[in-house]
Amino acid sequence: MKILKRIIALASVAVMSITMFSSCNKNEVITIEKKPATEKIQRNTGIVCWGSSIGYSQYKCSFTKVIEDHMMSDECYIPVVNMSVPKDSTKTILARAGITKILVSKKFTVPKGLDPVEIQFKAEDNSYIFPLRYGIYCDGGMSNVTIGNVKGTLSITKDSAQRAKPKYYFTRKKEGKEVVINKGEQIISDSMTMYSDYIPVICMGEAGTWNDAKDLIKQQQALINSCKDKDKFVIVGMFNVPLKDADNMDEDEKYKLQKKENEKMDAALAKHWGDHYINIREYLCSEESIKYIESKDIEFDKDDKKKIKDKMIPESLKYDNENLLDVAYQLIGDAVYEKLVELDYLYHKTPGDLKK
């Protein structure tokens, strides 16, 4: 095929040359029309995903990787950064993003050497925050920090990482003079400074610390406001809204309440965010998605089919109560990429059928 194309191209050039030669005489001057200069494409700086378990997409497939794969295929690549941490509350996410300041809560001294020193801190609004829940394994941009002009590393002890009151340590990167850090000094991390010019994909809420849809929207807006371009963003919904006071309910009551709360939240977010919002439950339960899932040898039982009809995530798509299977994250990645294209955030070829 390549050889045939080359022959055709050479033949075309030959025909053009003969035509030009035959049309020339000594008195004619051939003027070749200049083509307009190609317009320079201005790409967006990158995409940053802020979230918890859905955004992190545990196990083999992350939906941010799916987005990258689509961009590579469609020749519209820009960097994609995942600032999600499993189980992170909205308040912790806002603190990691620098919307809520993280302040030293007890005076301490940074030693001359590289010995770690225990550090205590809190959110400026006194909300409960828990950065580095999983240590440096997925730090959410909180490992590299600056405190009182001293650059260093924030760490957490392994034995306290899952406790309500973990122990944190600060280790300076270079030896220097002893420095006293006073109470109230702000902690500045990489996550707070590096991605303000990236397009945010926000998928937070399933780990709580919001009161209602209005409060969650307010927190999402605060994250958007921290970005340079406040008109470009994507909001990804939850696959289940956290339920309050449902422990003593039977399964049928809990199911009905879950369905009601999911629909209520989706309606509020869709109304407020409009085309920027993705209802992932609706997307995952769509006929097209179900066909794709079944093509991966996943079978749905009677209960699954009822949930699909009710736009509830079937058990066959869940890894556990907080995480989905890889095929679900693949589809969420498809949905987010489609939205980025739909909102014209990417210079792209026609994506075509993303699920082929």
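Of note:
- Scanning the range 204-216 for residues being assigned to a loop (DSSP other than H, G, I, E, B), farther than 16 Å from VAL81 by Cβ and open to solvent by less than 50 Å² (accessible area, probe 1.4 Å) gives a total of 5.
- Some residue of the range 271-290 being open to solvent by 20 Å² or more (accessible area, probe 1.4 Å), hydroxyl-bearing (Ser, Thr, Tyr), over 18 Å from ILE54 (Cβ atoms) and part of a loop (DSSP other than H, G, I, E, B): no
- Residue match in the range 167-180 (condition: assigned to a loop (DSSP other than H, G, I, E, B) and surrounded by 16 or more Cβ atoms within 10 Å (Cβ to Cβ)): no
- Residue list for the range 323-343, restricted to those being in a helix (DSSP H, G or I), open to solvent by 10 Å² or more (accessible area, probe 1.4 Å) and over 11 Å from ILE278 (Cα atoms): ASP326, VAL327, GLN330, VAL341, GLU342
Quick grid of which residues meet (1) closer than 26 Å to GLU68 by Cβ; (2) of a type outside the set (A, V, I, L, M); (3) in contact (Cβ under 8 Å) with a residue 24 or more places away in the chain:
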| site | (1), (2), (3) |
| --- | --- |
| ASP247 | no, yes, no |
| ALA267 | no, no, no |
| TRP273 | yes, yes, yes |
| HIS276 | yes, yes, yes |
| LYS296 | yes, yes, yes |
| LYS302 | no, yes, no |
| MET312 | no, no, yes |
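- Conditions (1) within 24 Å of the chain's Cα centre (by Cα); (2) open to solvent by 80 Å² or more (accessible area, probe 1.4 Å); (3) under 28 Å from GLY208 (Cβ atoms): number failed by ASN144: (2)
- Selection status of LYS101, more than 17 Å from VAL48 (Cβ to Cβ), among the basic types (Lys, Arg), open to solvent by 30 Å² or more (accessible area, probe 1.4 Å) and touching an Asp or Glu at 6+ places or on another chain (Cβ under 7 Å): yes
- Test: residue in the range 195-203 that is surrounded by fewer than 23 Cβ atoms within 10 Å (Cβ to Cβ), assigned to a loop (DSSP other than H, G, I, E, B) and touching a Cys at 6+ places or on another chain (Cβ under 6 Å): yes
Results for (1) part of a helix (DSSP H, G or I); (2) among the acidic types (Asp, Glu); (3) open to solvent by 40 Å² or more (accessible area, probe 1.4 Å), shown as yes or no for each residue.
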site: LYS218; (1), (2), (3): yes, no, yes
site: ALA222; (1), (2), (3): yes, no, no
site: LYS228; (1), (2), (3): no, no, yes
site: MET238; (1), (2), (3): no, no, no
site: LEU269; (1), (2), (3): yes, no, no
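- Residue check for LYS232: surrounded by 13 or more Cβ atoms within 10 Å (Cβ to Cβ) and touching a residue at least 12 places away in the same chain (Cβ under 8 Å): yes
- Listed conditions (1) within 15 Å of the chain's Cα centre (by Cα); (2) closer than 25 Å to TYR168 by Cα; (3) surrounded by fewer than 22 Cβ atoms within 10 Å (Cβ to Cβ); (4) modelled with pLDDT of 95 or more are all met by THR90, apart from (3).
- Residue within the range 255-265 that is open to solvent by less than 20 Å² (accessible area, probe 1.4 Å), farther than 30 Å from THR193 by Cβ and part of a helix (DSSP H, G or I) present: yes
- Residue check for PHE130: at negative phi, of a type in the set (A, V, I, L, M, F, W, C) and at pLDDT below 95: yes
- Residue that is surrounded by the most Cβ atoms within 10 Å (Cβ to Cβ), among those in the range 303-322 that are modelled with pLDDT under 95 and in a loop (DSSP other than H, G, I, E, B): GLU322
- If you go through the range 237-251 and keep only what is within 14 Å of ALA207 (Cβ to Cβ) and among the hydrophobic types (A, V, I, L, M, F, W, C), you end up with MET238, PHE239, VAL241, LEU243.
- Hey, SER160 hydroxyl-bearing (Ser, Thr, Tyr), at pLDDT 95 or above and over 18 Å from the mean Cα position of the chain (by Cα) or not: no
- Residues of the range 97-121 that are over 26 Å from VAL201 (Cα atoms) and touching a Leu at 6+ places or on another chain (Cβ under 7 Å): PHE121 alone.
The values are calculated or read from the model by the stated rules, or taken from the named source; none is laboratory data. Remember, predicted model here, so these are calculated numbers, not experimental data. Cβ: placed from backbone, ideal geometry, glycine included. Neighbour counts: every protein chain shown. Just so you know, the surface numbers come from the protein's heavy atoms only, side chains and all, with ligands and any DNA or RNA stripped out. Shrake-Rupley method; radii C 1.70, N 1.55, O 1.52, S 1.80 Å.
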